[in-house]
1. Given the options Asp541, Asp527, name the one that is out of contact with any Cys (no Cβ under 6 Å at 6 or more places or on another chain), closer than 21 Å to Val444 by Cα and not in a loop (DSSP other than H, G, I, E, B).
2. Can you tell me how many residues within the stretch 479-503 are farther than 15 Å from Leu436 by Cα, more than 14 Å from the ligand (Cβ to nearest atom) and either modelled with pLDDT under 95 or open to solvent by less than 10 Å² (accessible area, probe 1.4 Å) (or both)?
3. Considering only helices (runs of 4 or more DSSP H) fully contained in the stretch 9-63, which possess at least 2 residues that are over 24 Å from Ser586 (Cβ atoms), within 26 Å of the chain's Cα centre (by Cα) and acidic (Asp, Glu)?
4. Which residues, counting only those in the stretch 551-582, are farther than 23 Å from Ser626 by Cα and either within 12 Å of the ligand (Cβ to nearest atom) or open to solvent by less than 10 Å² (accessible area, probe 1.4 Å) (or both)?
5. Given the conditions (1) under 29 Å from Met15 (Cα atoms); (2) open to solvent by less than 10 Å² (accessible area, probe 1.4 Å); (3) outside any loop (DSSP other than H, G, I, E, B); (4) not hydrophobic (A, V, I, L, M, F, W, C), and given that Gly375 satisfies all but one, which numbered condition is not satisfied?
6. Please work out which one of (1) more than 23 Å from Cys298 (Cβ to Cβ); (2) within 20 Å of the chain's Cα centre (by Cα); (3) of a type in the set (A, V, I, L, M, F, W, C) is the condition Trp221 fails and give its number.
7. Of the residues Phe164, Phe159, only one is open to solvent by 40 Å² or more (accessible area, probe 1.4 Å), among the aromatic types (Phe, Trp, Tyr) and at pLDDT 95 or above; which?
Amino acid sequence: MSEVNNEIFIKIEDMEAATLSLLETAEKVGADTYQQRVKNQTPHCKFGSEGVCCRICTMGPCRITPKAPRGICGCDADGMVGRNYLRFTAGGAATHSDHGRNICHVLYASSEDGDYHVTDPEKLKRIAKEWDIETEGRDIYDIAHEVALTGLEEYGKPFGVQRFLKRAPEVRQQIWKEAQIEPRAIDREVSQSMHMTHMGCSSEPEALVRQSLRAGMSDGWGGSMMGTEFSDVLFGTPVPCDTYANLGVLDKDQVNIIVHGHDPAVSEMVVFYSESPEMIAKAKEVGATGINVVGVCCTSNEVAMRHGIPMAGNFLSQENVVLTGVAEAVVVDVQCIFPALGPLSKCFHTKFITTSPIAQMPDSEYIEVDEYNAGEKAKIIVETAINNFPNRRQDVINIPQLKTKANVGYSVESIKKCLDGVTNSHVDVLNTMIPLIDCVKSGVLRGAVAIVGCNNPKIRPDYLHIELMKKLIANDIIVVVTGCAAQAAAKAGLMSKEAKDLCGEGLERVCRLVDIPPVLHMGSCVDISRMMILASDIAKDWGIDIPQIPLVGCAPEYMSEKAVSIGNYVVATGIDTYLGVNPYTSGGPQIEALLQGSVKDWVGANFTVNNDLDELTSSIQMCFSSICICSM
Ligand code: XCC
């Protein structure tokens, strides 16, 4: 193992210094980096930034100016902004949901003697019962296949709404019905969003925002939720486990395989083969001490919480991982993968391996993996990485010595189990959220914030994630995280149990008694659906609706369409949501008045856009003080 400092906490300045040293390597090898491309792309187009540019038909492109307040068809600024916003949401909903669909196919292909197995049969049976699928006396794979098929039908069923909506409190379900945002078939919501935004269809702000919420709901309470639930069935429901984070998890003595993307179907197989004695022996034959799989982005979250695979970095660290010069292979599935990784890898010995027909990129080696050939292909991928080990350029190796401990894997099931541990076995509160509710009612905890989402070069990378988390936990606000926000926390050491030392008195006590970190890792982006279940369970056990819980969502550094889809379903679920980046809506005053104002009348929550650390912190705290817990 290389010499690495195992610090408890790492400052953002130290991470930035590491990035600067890697940029020196980039210059040495003539590589292009995102930092340079940001310079080339700024200043950004003002019309695009405000959302008042329309290229939906070929009469344009049209853009709104004081002299030209309408496009050629007569669409005004709010119509353009609303249509763009809905298309953005639909893109995100389609992407998450298609990931969920793939997991349904993997579940359908699972078998006793195949590559994919049912790992959590109890969870499978729970879902089957919820969906009125017979479980008594049936083979577990028969149940799996029927559940998978029923899940696939959720994408295109002609009638009815998403099955998982029933998990929400009844009052919430009624609100969705009255607001006309209950999602029907997932593909229908995406398709209708595209239809509504076609030339000559909707330009009325309220209709466009309502459909944005509905399309988002088809993601969070449909496709994403199936992605999460069936991944648990296949690969195991996460339980707390220890891992490491930051660039120091790369090891110069081992074959380093980086798994990156979102869908765990490929990375699960890569992890499996990298642990096989046959592959480890091969790695030793080429002079390595072993095989080191590490993750980037949400694939990292998936394998960290189920196998303790270390987290090398998040979205804006993906180029850094290659710049260390020790990445034998970067194996990607879908989403959030820079096309830049192809040309960048060519400056090193790194093999950039794409595996999905959905994410094909120039300068990559394409090894297509599907649910029937995954084992065989994963073995080839691991062998390719091993054979590449001797090809490293020794003169460009630079692994920043940063490495932290992280405790990950807090599924809803695990959170309840942790809470059970402090209830002295009072049967009536076992497997409930009541111990947590009591902490909030008594003022030991002030509330919870879900911090999620990406990095975005518009925000100093990881700064808002990390500093906001620190301020919140110091004020007795527990934080739950997913996605790249989770990796930001891990890289800084905030997901270690030692982070309780940074907490206020109340949260410190809770962390000590329950033996948890103050920043709880709930998984990848699709796992924000876990947060929806958590919020629903809290509300049901408390006997209130979700907006009455002192809980807000925050995506301070987001960049993707998926994050906007998430924002829509989180708000629709009744959770106020803070965004650090404007979703290209500032040119549409009526659209902004809806999203940041009156959607609250429909669903009990809305958006705030702000990226000032102090203002964000005090606004979240004010939001909690306006919720009067004592009267509940
Ligand atoms: Fe992608 Fe999920 Fe964003 Fe990270 S957080 S940059 S979407 S990997 Ni969802």
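The values are calculated or read from the model by the stated rules, or taken from the named source; none is laboratory data. Quick caveat: nothing in here was measured; it's all calculated off a predicted structure. A quick note on method: Cβ atoms are made from the backbone with ideal geometry, for glycine too, and the neighbour counts reach across all protein chains shown. Only protein heavy atoms, including side chains, enter the accessible area calculation; ligands, DNA and RNA are left aside. Shrake-Rupley method; radii C 1.70, N 1.55, O 1.52, S 1.80 Å.
1. Asp541
2. Counting residues in the stretch 479-503 that are farther than 15 Å from Leu436 by Cα, more than 14 Å from the ligand (Cβ to nearest atom) and either modelled with pLDDT under 95 or open to solvent by less than 10 Å² (accessible area, probe 1.4 Å) (or both) gives 6.
3. By residue number, 12-29.
4. Glu557, Tyr558, Met559, Ser560, Glu561, Lys562, Ala563, Val564, Ser565, Ile566, Val581
5. Only one criterion in (1) under 29 Å from Met15 (Cα atoms); (2) open to solvent by less than 10 Å² (accessible area, probe 1.4 Å); (3) outside any loop (DSSP other than H, G, I, E, B); (4) not hydrophobic (A, V, I, L, M, F, W, C) is unmet by Gly375, namely (1).
6. (1) is the only condition that Trp221 fails.
7. Result: Phe159 is the single residue among Phe164, Phe159 that is open to solvent by 40 Å² or more (accessible area, probe 1.4 Å), among the aromatic types (Phe, Trp, Tyr) and at pLDDT 95 or above.
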